[in-house]
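**Student:** Structure below; questions to follow.
Nothing in this text is a laboratory measurement; each read-out follows from the coordinates by a stated rule. Everything numeric in this text was worked out from a predicted model, so none of it was measured. In this analysis, Cβ positions are derived from the backbone assuming ideal geometry, glycine residues included, and neighbour counts consider all displayed protein chains.
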Amino acid sequence: MNNQSSDTKISHLYEIVKNDLKVKIVNSVYVAGKRIPSERELIDEYGCSRITIRRAVDDLVDEGYLVKRHGTGTFVANRKHSRHVININSFTADCLQNGITPRTEVTFFGFMQPSQRDRQKTAADEGVALLHLHRVRYANGEPVIIERIVFPEKYSCLSTVDQSQLTSVTDVVQSVLGISVAYLDLVIELAYATKQEAEYLRITPGDTVLMVSGGILNDSRELIYYSRQIILGDRYAIAGFQPIKNTLVK
């Protein structure tokens, strides 16, 4: 009972810190491009633990409000320009059409607790672990895209799929679930590579990347899975738009 009460208190503090930092960023109390107070200063300001501060800051980095720069600190991200897109070519199709050899490496496939944003996107209940697929996409041997896919709870049966089939999620969804991908509801925006993303893409943390995120939908516009791609723009460009029924996402 005491442990549960303690966990609830920590979660409450985390939400307070995160929301307060976000308000300060949106209202330009912390100015775009400028460094926010140090971890020690935030601990003193909010009177909470280092773990709580790091969790709040890491979430805001993940959501694009902050960017960590190795050796210099955490900065407010510059304002993003974004646009909604309906259809884009598949990675595999783009590579093959341009004489490039594609390759996909699965770095994780299994169940884990979703982030707050992923839980909202998939309408998952609190505490429910969801099936995640993490992939790195290569073009002529160079890493160009990191992709994180989260499936709604009702599609947990996909966990039995052999990893060798995960080069094409569309094919897996079609063959296992009997569902066709009909719509993409995606947003393209500028972002900044986290430390982990930089390691996979062989770049420096804080480097500018493209982030493509949103839902992959069926004919009834119901979510099949939620995807977040980090794309290295100087190595790979998003190809022209085409009807989804002609070129499926792979």
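**Student:** Going by how many other Cβ atoms sit within 10 Å of their own, how do Phe111, Phe151, Phe75 line up, fewest first?
**Tutor:** Fewest-to-most Cβ neighbours within 10 Å comes out as Phe111, Phe75, Phe151.
**Student:** Related question: Go through the stretch 214-228 residue by residue and turn each phi into a ³J(HN,Hα) via Karplus (6.51, -1.76, 1.60, θ = phi - 60°); whole Hz please, and just put x for glycine and proline.
**Tutor:** So the J values, rounded to whole Hz, are x, x, 9, 10, 8, 4, 8, 6, 8, 5, 8, 7, 9, 10, 9.
**Student:** Here's something else I'd like to know. Go ahead and run the numbers for FRET between Arg50 and Val29, Cβ-Cβ distance against an R0 of 30 Å, rounding to 0.05.
**Tutor:** Calculated transfer efficiency: 0.85.
**Student:** Something else about it: Under a 5 Å amide H to amide H cut-off, with H placed in plane at 1.01 Å, what residues pair with Ile224 once short-range neighbours are removed?
**Tutor:** It is Ile216, Leu217, Asn218, by chain and number.
**Student:** So who's got an amide H within less than 5 Å of the one on Ala77, skipping anything under 5 residues away but keeping other chains? H placed 1.01 Å off N, in plane.
**Tutor:** Gly33, Leu66, Val67
**Student:** Please list, in order along the stretch 20-31, the HN-Hα scalar couplings obtained from phi with the Karplus expression 6.51 cos²θ - 1.76 cosθ + 1.60 (θ = phi - 60°), rounded to whole Hz, x for Gly and Pro.
**Tutor:** Calculated HN-Hα couplings, in order: 5, 4, 5, 4, 5, 6, 4, 8, 6, 5, 9, 7 Hz.
**Student:** Provide the FRET efficiency to the nearest 0.05 for the Glu153-Arg69 pair, computing r from the beta carbons and using R0 = 45 Å.
**Tutor:** Taking R0 as 45 Å, the efficiency between Glu153 and Arg69 is 0.75.
**Student:** Calculate the translational D of the stretch 2-76 in whole µm² s⁻¹ from Stokes-Einstein, where the hydrodynamic radius comes from the Kirkwood formula applied to all Cα pairs, the temperature is 10 °C and the viscosity 1.306 mPa s.
**Tutor:** After rounding, the answer is 125 µm²/s.
**Student:** Moving to a separate point now. Where a Cα-Cα gap under 13 Å defines reach, which aspartates and glutamates qualify for Lys121, not counting those fewer than 8 residues away within the same chain?
**Tutor:** By straight Cα distance, Lys121 reaches Glu153, Asp185, Glu222.
**Student:** Continuing with the same structure: Would you mind getting me the FRET efficiency between His12 and Asp219? Use the beta-carbon distance for r and R0 = 45 Å, nearest 0.05.
**Tutor:** 0.60
**Student:** What residues qualify as long-range amide H neighbours of Asp207, i.e. H under 5 Å apart, gap of 5 or more or another chain, H built at 1.01 Å from N?
**Tutor:** Counting only residues 5 or more places away or on other chains, the set is Ala193.
**Student:** Further question: Please list, in order along the stretch 133-141, the HN-Hα scalar couplings obtained from phi with the Karplus expression 6.51 cos²θ - 1.76 cosθ + 1.60 (θ = phi - 60°), rounded to whole Hz, x for Gly and Pro.
**Tutor:** 10, 10, 9, 10, 9, 10, 10, 6, x
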